[in-house]
Amino acid sequence: MKQYDYLIVGAGLYGAVFAHEAKKVGKRCLVIDKRAHIAGNIYTEEVEGINVHRYGAHIFHTNNKAVWQYVNQFAEFNRYTNSPVANYHGEIYNLPFNMMWGVVTPAEAKAKIEQQRAEAGITEPKNLEEQAISLVGTDIYEKLIKGYTGKQWGRPCTELPAFIIKRLPVRFTYDNNYFNDAHQGIPAVGYNALIDALLEGTKVRLDTDFLLHREALTAEAAHIVYTGPIDAYFNYCYGALEYRSVRFEHETLQESNHQGCAVVNYTAHDVPFTRIIEHKHFETFGSAVNDNPFTVISREYSTEWKPGMEPYYPVNDERNSALLARYQQLAQQEKNVIFGGRLAEYRYYDMAPVIRRAMDLAARQA
């Protein structure tokens, strides 16, 4: 008899939720992670009393009431509302794109965009640039989309497919809430507390690389839930899937408030980083921001992924989609192995859908 019912590879959100749900119905789980900490990419570390999102900002948002109630069982969420701003050569704009050109009414803004759309004369957009101009006109595209998107993907917008920006949201209001979801916030004491609660009572081994110790670890459990890169699982036998990665520059500053909000996107192409995150604004509001004389900022640099780097954003172009299909065929042939989560499915997920998928998977296995 195997010691565990499930070996769960990855102590991030997907693995932690599955482990919790499986444990509720009496399953014996072992969770492993090659990192020295739990929580995957939502891991936070305390610096000068501030919870720093080490692997980039994570803001929880969802319209799924069941998922919202689920996470609130394990951690109290604050009222944080994502209200980023864009900095284009010192000009500040709200995101989503509210108003420009000095207009003051929705009708004036709509008329300006329609005028620029007509002048562009694009009927069938062939790339991201043409798609964006056909949606929001040339000014918004040039100031707020072109440079940022080019930096994000490492190539000109004319070389990117139109579908990436097909549903670009445009609001003719002064509401600067980035998300439209009914529920939004961040755990009041950081995401680590959420994962700690989900994994309570479950055996966890850190600094444990499944791919290096596959045979020994597989012998311990009847089933495997694998959340790592699907191509790595098969030793890149068809080649590596492509990702965009992010390099972070974290800096602690002896000032109470550096930029006035959590997220500032730098949309000009000549600024090398894509955005600056000021972490204290995720959990501290109003005059309380000044209570801590320190702040921590992170500059984010988008870069092409290479082995040894953290894979963040899948490149879902034709080549990678075809390569993924071949790996998925191999995955279907694996016995007692479940592939789930962002890396195993080669799909970008927000946190709420990850939780829902892990809950559903655990329910099917019960």
In the stretch 13-83, the trypsin sites (Lys or Arg not before Pro) that sit in a DSSP loop and have at most 14 other Cβ atoms within 10 Å of their own Cβ are 79
Regression test value, accessible area per residue of the stretch 1-47, probe 1.4 Å, units Å², expected 39 Å²
Between residue 73 and residue 36, the FRET efficiency computed from the C-beta separation at R0 = 30 Å comes out, to the nearest 0.05, as 0.65
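When the helices in the chain are scored as -39500 (n - 2.57) per DSSP H run of 4 or longer and the sum is shared across all residues, what 222 nm value do you end up with, to the nearest 500 deg cm²/dmol?
On the way: 10 runs with 103 residues, N = 366.
Rounded to the nearest 500, the figure is -8500 deg cm²/dmol.
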Computed from the beta carbon distance with a Förster radius of 30 Å, FRET efficiency for residue 103 and residue 126 to the nearest 0.05 stands at 0.50
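Run the accessible area of the stretch 1-113 with a 1.4 Å probe and give the carbon-and-sulfur part as a rounded percent. Show your work: numbers first, answer last.
Values: 2340 of 4910 Å².
In the stretch 1-113, the share of accessible area belonging to carbon and sulfur is 48 percent.
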In nanometres, the difference between 0.36 nm per residue of separation and the alpha-carbon distance of residue 205 and residue 255 is 14.1 nm
Counting only DSSP beta bridges with both partners in the stretch 204-337, the antiparallel fraction in percent, to the nearest 5, comes to 95 percent
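Taking every DSSP beta bridge that has both residues in the chain, what percent is antiparallel when rounded to the nearest 5? Don't jump to the answer; show the numbers that get you there.
Working: 31 of 49 bridges.
Within the chain, antiparallel bridges account for around 65 percent of the total.
Keeping all protein chains in place and using 1.4 angstrom, which order do 104, 170, 71 fall into by accessible surface area, from largest down?
Numbers: 104 95, 170 50, 71 0 Å².
Final ranking, largest accessible area leading: 104, 170, 71.
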Probe 1.4 Å, heavy atoms of protein chains only: per residue, the accessible area of the stretch 77-201 in Å² is 50 Å²
On the accessible surface of the stretch 227-329, probed at 1.4 Å with all protein chains in place, carbon and sulfur together account for a percent value of 48 percent
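Note down the relative contact order for the chain as a percent, whole number, built from C-alpha pairs under 8 angstrom at least six residues apart. Could you put the intermediate results ahead of the total?
Details: 682 pairs, mean separation 98.7, N = 366.
Here the relative contact order equals 27 percent.
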With 0.36 nm assigned to each residue of separation and the Cα-Cα distance removed, residue 175 to residue 348 gains 59.6 nm
Set 126/151; 65/151; 23/335; 126/306, cut-off 25 Å on Cα-Cα distance; pairs above it are 65/151; 126/306
In nanometres, the difference between 0.36 nm per residue of separation and the alpha-carbon distance of residue 48 and residue 318 is 92.7 nm
One finds the C-alpha centres of the stretch 308-343 and the stretch 94-156 to be spaced, in Å, by 33 Å
With Cα coordinates, the longest principal axis of the chain makes an angle with the long axis of helix 318-333, in degrees rounded to 10, of 20 degrees
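Can you give the FRET efficiency to the nearest 0.05 for residue 166 and residue 301, using r as the Cβ-Cβ distance and R₀ = 22 Å? Show your work: numbers first, answer last.
Working: r = 26 Å, r/R0 = 1.20.
E between residue 166 and residue 301, to the nearest 0.05, is 0.25.
The values are calculated or read from the model by the stated rules, or taken from the named source; none is laboratory data. Every value quoted in this text rests on a predicted model; they were computed, and no experiment measured them. Ideal geometry is used to build each Cβ from the backbone, glycine not excepted, and the neighbour counts take in all protein chains shown. Each accessible area value is taken on the protein alone, full model and side chains, heavy atoms only, with ligands, DNA and RNA left out. Shrake-Rupley method; radii C 1.70, N 1.55, O 1.52, S 1.80 Å.
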